[in-house]
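**Q** Next up is a structure, given as structure tokens.
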Amino acid sequence: AKRRMGLLLGQQKHYRTKDRNGEGHYKNVVRRLRAWFLKTNRFLLVPLALGILLPSLFEPWITINLLGQHPFSPIDIIKSAVVRIAPSAPQNQFDLFLLFSRYTRSYFALIASMSIYLASLIMMLISIAGKNRARTLLIAGILAVATGIVWIYTVELLRDNFIQTAVSAGGIIGEEWKGQEPTIANSIVVIGIGHYLVILSGMIALLAYVWR
């Protein structure tokens with residue numbers, strides 16, 4: 001009886017050891033597959049982030065529905081800035097900078113968002129071919145996300161300025177806008193989709209950095 005009991009205990013220990021070894025082998029396989037997946041996709045995520053960021057140059061970030069419909073992408077905003085700097089340059093649409101220049105905080109927020117955006121674009125390009133790619137990628141991701149946040153703040157500031165103008169206006173305009181200021185401001189200043197692409201690109205870049 002003792003001998004049988006010893007054999008049974010020995011078999012149980014053997015199976016436990018075998019189960020542990022099998023479980024350890026499974027964990028090693030999963031760990032290796034995860035490492036391979038992260039390593040492979042990390043290199044795919046960086047071009048993906050850049051591929052999403054570049055189209056944002058041409059997508060509208062804001063549309064001004066005032067004396068017509070005027071969508072503006074970063075390219076259009078830069079052209080508008082060139083017209084302000086060089087008045088002799090041809091101007092084919094609404095002067096966005098003239099509108100923003102009426103409101104100091106909105107104007108500086110516009111300058112800040114475009115500056116951060118261009119910096120994120122440059123850093124994203126450097127992260128592909130330059131040195132210290134990981135650090136550059138981190139900076140590019142942070143700048144891209146910051147661009148989108150600052151841009152939302154910029155548009156909201158402009159809307160608030162329109163509301164304040166409507167409230168302080170008298171006569172027919174003031175009466176027509178009374179009680180409907182937010183709705184009218186939102187219909188005049190419409191936020192686009194371009195900055196959302198920038199935020200998505202920044203999040204992918206940060207994910208690639210975390211998975212480095």
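**Q** Around residue 62, which amide H atoms from residues at least 5 apart in sequence, or from another chain, sit under 5 Å from its own amide H, with H modelled in the peptide plane?
**A** Distant-sequence amide H within range of residue 62: 72, 192.
**Q** Report the extension gain between residue 69 and residue 184 in nm, rounded to one decimal, defined as 0.36 nm multiplied by the number of residues separating them, less their alpha carbon distance.
**A** Details: separation 115, 0.36 × 115 = 41.40 nm, distance 1.45 nm.
The span from residue 69 to residue 184 would gain 40.0 nm if fully extended.
**Q** Applying 1/(1 + (r/R0)^6) with R0 = 25 Å to the Cβ-Cβ distance of residue 149 and residue 104, what FRET efficiency is obtained, to the nearest 0.05? List each step's numbers first, then the result.
**A** Working: r = 20 Å, r/R0 = 0.81.
Once rounded, the FRET efficiency stands at 0.80.
**Q** Would you kindly derive the ³J(HN,Hα) couplings of segment 108-115 from the backbone phi angles with the Karplus curve 6.51 cos²θ - 1.76 cosθ + 1.60 (θ = phi - 60°), listing them in order in whole Hz, with x for Gly and Pro?
**A** For segment 108-115, the Karplus curve yields 5, 5, 5, 4, 5, 5, 5, 5 Hz.
**Q** Probe radius 1.4 Å, ligands and nucleic acids left out: which of 149, 77 has the largest accessible area, and how do the rest follow?
**A** Details: 149 105, 77 5 Å².
Greatest to least solvent exposure: 149, 77.
**Q** Quick one: 3J(HN,Hα) in Hz for segment 59-70, Karplus 6.51/-1.76/1.60 with θ = phi - 60°, rounded, Gly and Pro as x.
**A** Result, ordered by residue: 7, x, 9, 7, 10, 9, 9, 9, 6, x, 9, 10 Hz.
**Q** So, one more: Just to verify a number: FRET efficiency for residue 129 and residue 156, C-beta to C-beta distance, R0 = 35 Å, to 0.05? Show your work: numbers first, answer last.
**A** On the way: r = 37 Å, r/R0 = 1.04.
My answer for the efficiency is 0.45.
**Q** Please list 82, 155 in order of solvent-accessible area, largest first, computed with a 1.4 Å probe with all protein chains present.
**A** Values: 82 70, 155 0 Å².
Sorted by accessible area, descending: 82, 155.
**Q** Can you send over the solvent-accessible area of residue 103, 1.4 Å probe, protein chains only, in Å² to the nearest 10?
**A** 40 Å²
The values are calculated or read from the model by the stated rules, or taken from the named source; none is laboratory data. On a predicted model such as this, the values are computed, not experimentally measured, just so you know. Cβ: placed from backbone, ideal geometry, glycine included. Neighbour counts: every protein chain shown. Ligands, DNA and RNA are stripped out before the accessible areas are found, and what is left, the full protein with its side chains, is counted by its heavy atoms. Shrake-Rupley method; radii C 1.70, N 1.55, O 1.52, S 1.80 Å.
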